[in-house]
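Asks: I am attaching a structure below and will ask some questions about it afterwards.
The values are calculated or read from the model by the stated rules, or taken from the named source; none is laboratory data. Note that this is a predicted model, so its numbers are computed, not measured. Cβ: placed from backbone, ideal geometry, glycine included. Neighbour counts: every protein chain shown.
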Amino acid sequence: MQNRLFNYSGNRKTCIIISVLAFAIYMVTAYANYGFHHADELFQIIEYAGIKSGTFTPCIAWEYDAQIRPMLQPAICLAFLKFFAKLSVTDPFVISLAMRMFAATLSFVAILLFVRSTATKIQNTKHRTVYLALSLLLWFLPYIACRFSSETFGAAFFLLALAVYFSGGKSVLSRVLFGFCVALSFIFRFQMGIAIFGFGLWALIIDKRNWKYFVVPVTSFAVTYLVLGVCIDSWFYGEFVFTPYKYFNEVGAGKFDSEPWWFFLYNLVSRPTYFIGIPLAAAIVYLLVRNPKNPYLWCIIPFLIVHSLIAHKEVRFMFPMAFLFPAILMSAFERLDQRFVGRKLWKVVCYAFMLIFIGINVIGLGVNMTKSAGQQTCYLAKYIRDKHKEDKVNIIHSWYSNPYGPYGGISGFYRNENATMQKFNNIYGLRMLLKTDAVNFLTCRKCDLEKMVCEGEFAESNPFDVLKNMGFVFISQSMPKFAEKICKYYSGFDDCDMLYVFQYVGEEYKPKPSDYNDAVLFYSDCEQGEATEMAYSGNCSSPVYGEKCYSVTIDDSISKLNNAKKLSVSMFLYQKDTVPDACVAFEMLGDGEKKLWNVVKTVDITSKTNQWVNITADFGMPDNYKEYSRFKVYLYNPSETEMYCDDIFAVFY
């Protein structure tokens, strides 16, 4: 097998070295990229597996009740959970590492077999070595390859299907295997059906395969889907279900955020870095003009067009096609090289481009091998697991920074029973969230730190200095300093999500005299509200429109306030459109008709629509406020335009 695997190239020894090096990089990347790239990787695979495993109490996403997710991958995850349970291994980071290494190995093998079956299309044997290196080590591919996600598994089996097809075998066994791999690709990720359909058209129209060739693969596909799709889905959901039908109905309902049609085109150019993205886009255009029969185009173009027509778009949706980018680049380069070979300028350009490309690629690979995955929220969870496993901890977090569930739901898989989580939404209420019987941590995303900390009297201050003076010492961040500096040059990396971690050290730092020492915090999680689907966190939010023009209200006694001079109100707001008369209201009530009402209009705070956004409104306290008996804080919207609020904080200081 080894001899056959590398015989396609003129330099077998070099290919073996590249492959061994690549596999080592895949394993290191799998080790470093703990956590999840997107919440679906956790909540719709691992947490679903928890339903059957009995090893933890899972957090069930709404998609489970809607029965729109295939369950083959949760079933594989279940096998991992059961295996480690037999070994009495309960550390979620050990278990998830094994799953990532499995995903990385699967992807690695799929890429090798795909390259082996397609490299013969490249006439220059020296270029085949470059093709192998590019296919394995394009800087973002090892990261995608090690994800235990539907995108990665769908892509791996699609590559295996192409490898079987291009190997040239037309035996019954070969066609059964082709249909089997195509079916698995579709089961793991339904959207792969677009690329599968495109390749099927190419095989029929361009490759001139007789329709009889497809009888066996289609039969194999149907049997595989019946056994590994319908049967496993029905077992997991507890009743017969055909998930593709339900999934596409749900997608067509338009319940998700929308992006412009050019979203994927822009990210195709920018995310790999412009130095790689522009040649990639140019290669696609060049092949469309000069070689429209290229089989990889027939997979990528329909995939890109259909996803561009769908309102909801995310960069990860294009991950499966990323594994075909090296083939696209090499196909275009091969044609250009045949045209300009022998010209000195062409040779100089190729060598210069290669040197720059290698530099960009090595740096990108290095960053991916030193940071946790995606939003990096699991960084603090792992830090606590490694250094405070037996300690009781109190985690004060900003939005999207909860290490056990950045979107509101708390992961049962990663959850630490010794940890409590409290949402930090206002600098003046921060000290009241501390617990004397626990190790106190504060965590916040890089993009949120300044706006969360530098409020009121702390405006224009250094947030690290403010927190230090409040007793919080900076201990770590989820990305090394060198990687943080590199991120600004790679749009594929987003240091916005980098986590800063602080630990409260008590009297080690003496707080500066300030009004916040007498601050009083009031909070409503709006769980007594409605609109489950619109909740920012928990299960409910407060709808504020039409007949329900007043939100859930914080209503309490003035006597609870200390010598307050200011009120800072923050909440999460979701609005379908801006409303001129909507406002954050602060009301004080006294005896009889005595009343004071003050407002800050929402249009003066934010213009963002169709997304949850944190807003803050500040009020001055009147000198005679103690003459009143009660106060109220709420959101007011007299219009019919849909508006929702969640997690209302009111801090008097």
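Asks: Just a yes or no: is a residue in region 480-498 farther than 21 Å from residue 616 by Cα, at pLDDT 90 or above and not aliphatic (A, V, I, L, M)?
Replies: The answer is no, given that none of the residues of region 480-498 is farther than 21 Å from residue 616 by Cα, at pLDDT 90 or above and not aliphatic (A, V, I, L, M).
Asks: Return the only residue of 199, 190 being in contact (Cβ under 8 Å) with a residue 12 or more places away in the chain and in a helix (DSSP H, G or I). Steps first, answer last, please.
Replies: Numbers: 190 fails: in a helix (DSSP H, G or I).
Step by step, each of 199, 190 is checked, and only 199 is in contact (Cβ under 8 Å) with a residue 12 or more places away in the chain and in a helix (DSSP H, G or I).
Asks: Within region 139-147, can one find any residue that is touching a Gly at 6+ places or on another chain (Cβ under 8 Å), in the same structural domain as residue 34 (by TED's automatic domain parsing) and within 27 Å of residue 367 (Cα to Cα)?
Replies: Within region 139-147, one or more residues are touching a Gly at 6+ places or on another chain (Cβ under 8 Å), in the same structural domain as residue 34 (by TED's automatic domain parsing) and within 27 Å of residue 367 (Cα to Cα).
Asks: Can you confirm whether region 148-158 contains a residue that is more than 25 Å from residue 35 (Cβ to Cβ) and in contact (Cβ under 8 Å) with a residue 24 or more places away in the chain? Step through it out loud before you land on a result.
Replies: If we filter region 148-158 for residues that are more than 25 Å from residue 35 (Cβ to Cβ), which is where we start, we get 158.
In the following step, the residues that additionally are in contact (Cβ under 8 Å) with a residue 24 or more places away in the chain were identified as 158.
There is at least one residue in region 148-158 that is more than 25 Å from residue 35 (Cβ to Cβ) and in contact (Cβ under 8 Å) with a residue 24 or more places away in the chain.
Asks: Specify which of the listed residues (523, 574, 536) is outside any loop (DSSP other than H, G, I, E, B), within 28 Å of the chain's Cα centre (by Cα) and within 30 Å of residue 60 (Cβ to Cβ).
Replies: So the residue among 523, 574, 536 that is outside any loop (DSSP other than H, G, I, E, B), within 28 Å of the chain's Cα centre (by Cα) and within 30 Å of residue 60 (Cβ to Cβ) is 574.
Asks: One residue is enough: does region 57-72 have a residue meeting the conditions of a type in the set (Phe, Trp, Tyr) and modelled with pLDDT under 95?
Replies: Restricting attention to region 57-72, the residues satisfying the condition of being of a type in the set (Phe, Trp, Tyr) are 62, 64.
Still in the running and modelled with pLDDT under 95: 62, 64.
Checked region 57-72: at least one residue is of a type in the set (Phe, Trp, Tyr) and modelled with pLDDT under 95.
Asks: For region 218-325, please list each of the helices (runs of 4 or more DSSP H) lying entirely inside it that holds at least 1 residues being closer than 26 Å to residue 133 by Cα and out of contact with any Gly (no Cβ under 8 Å at 6 or more places or on another chain).
Replies: Of the helices (runs of 4 or more DSSP H) lying wholly inside region 218-325, those with at least 1 residues that are closer than 26 Å to residue 133 by Cα and out of contact with any Gly (no Cβ under 8 Å at 6 or more places or on another chain) span 263-270, 274-290, 295-309, 319-322.
Results for (1) surrounded by fewer than 23 Cβ atoms within 10 Å (Cβ to Cβ); (2) assigned by TED's automatic domain parsing to the domain that holds residue 34; (3) out of contact with any helix residue (DSSP H, G or I) (no Cβ under 6 Å at 6 or more places or on another chain); (4) of a type in the set (S, T, N, Q), shown as yes or no for each residue.
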position: 291; (1), (2), (3), (4): yes, yes, yes, yes
position: 314; (1), (2), (3), (4): yes, yes, yes, no
position: 319; (1), (2), (3), (4): no, yes, no, no
position: 334; (1), (2), (3), (4): yes, yes, yes, no
position: 346; (1), (2), (3), (4): yes, yes, no, no
position: 388; (1), (2), (3), (4): yes, no, yes, no
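Asks: Does residue 284 satisfy the condition of being free of Cβ contacts under 8 Å to residues at least 40 places away in the same chain and more than 19 Å from the chain's Cα centre (by Cα)?
Replies: Judged against the criteria, residue 284 is not a match.
Asks: Quick check on residue 46: is it within 27 Å of residue 533 (Cα to Cα), of a type in the set (A, V, I, L, M, F, W, C) and part of a helix (DSSP H, G or I)?
Replies: When the stated conditions are applied, residue 46 passes them.
Asks: Go through region 44-73 and give me each residue that's of a type in the set (A, V, I, L, M, F, W, C) and over 20 Å from residue 90 (Cβ atoms).
Replies: 60, 61, 62, 66, 68, 71, 72
Asks: Regarding region 293-304, can at least one residue be identified that is modelled with pLDDT of 95 or more, of a type in the set (Phe, Trp, Tyr) and under 21 Å from the mean Cα position of the chain (by Cα)?
Replies: Scanning region 293-304 turns up at least one residue that is modelled with pLDDT of 95 or more, of a type in the set (Phe, Trp, Tyr) and under 21 Å from the mean Cα position of the chain (by Cα).
Asks: Residues to consider are 153, 157, 148; find the one that is in a loop (DSSP other than H, G, I, E, B) and either touching a Cys at 6+ places or on another chain (Cβ under 8 Å) or closer than 13 Å to residue 319 by Cα (or both).
Replies: Sole residue among the options that is in a loop (DSSP other than H, G, I, E, B) and either touching a Cys at 6+ places or on another chain (Cβ under 8 Å) or closer than 13 Å to residue 319 by Cα (or both): 148.
Asks: While we're on this one: So, residue 634, is that one within 24 Å of residue 562 (Cβ to Cβ) and among the hydroxyl-bearing types (Ser, Thr, Tyr) or not?
Replies: Numbers: within 24 Å of residue 562 (Cβ to Cβ): yes; among the hydroxyl-bearing types (Ser, Thr, Tyr): yes.
So residue 634 passes the test.
Asks: Further question on the same structure: It is to be established whether one or more residues within region 625-635 are at pLDDT 90 or above, more than 14 Å from residue 577 (Cα to Cα) and in contact with a Cys (Cβ under 9 Å, 6 or more places away or on another chain).
Replies: Checked region 625-635: at least one residue is at pLDDT 90 or above, more than 14 Å from residue 577 (Cα to Cα) and in contact with a Cys (Cβ under 9 Å, 6 or more places away or on another chain).
Asks: So which residues in region 46-76 are buried (at least 24 other Cβ atoms within 10 Å of the Cβ) and among the hydrophobic types (A, V, I, L, M, F, W, C), if there are any at all?
Replies: Across region 46-76, the qualifying residues are 46, 49, 71.
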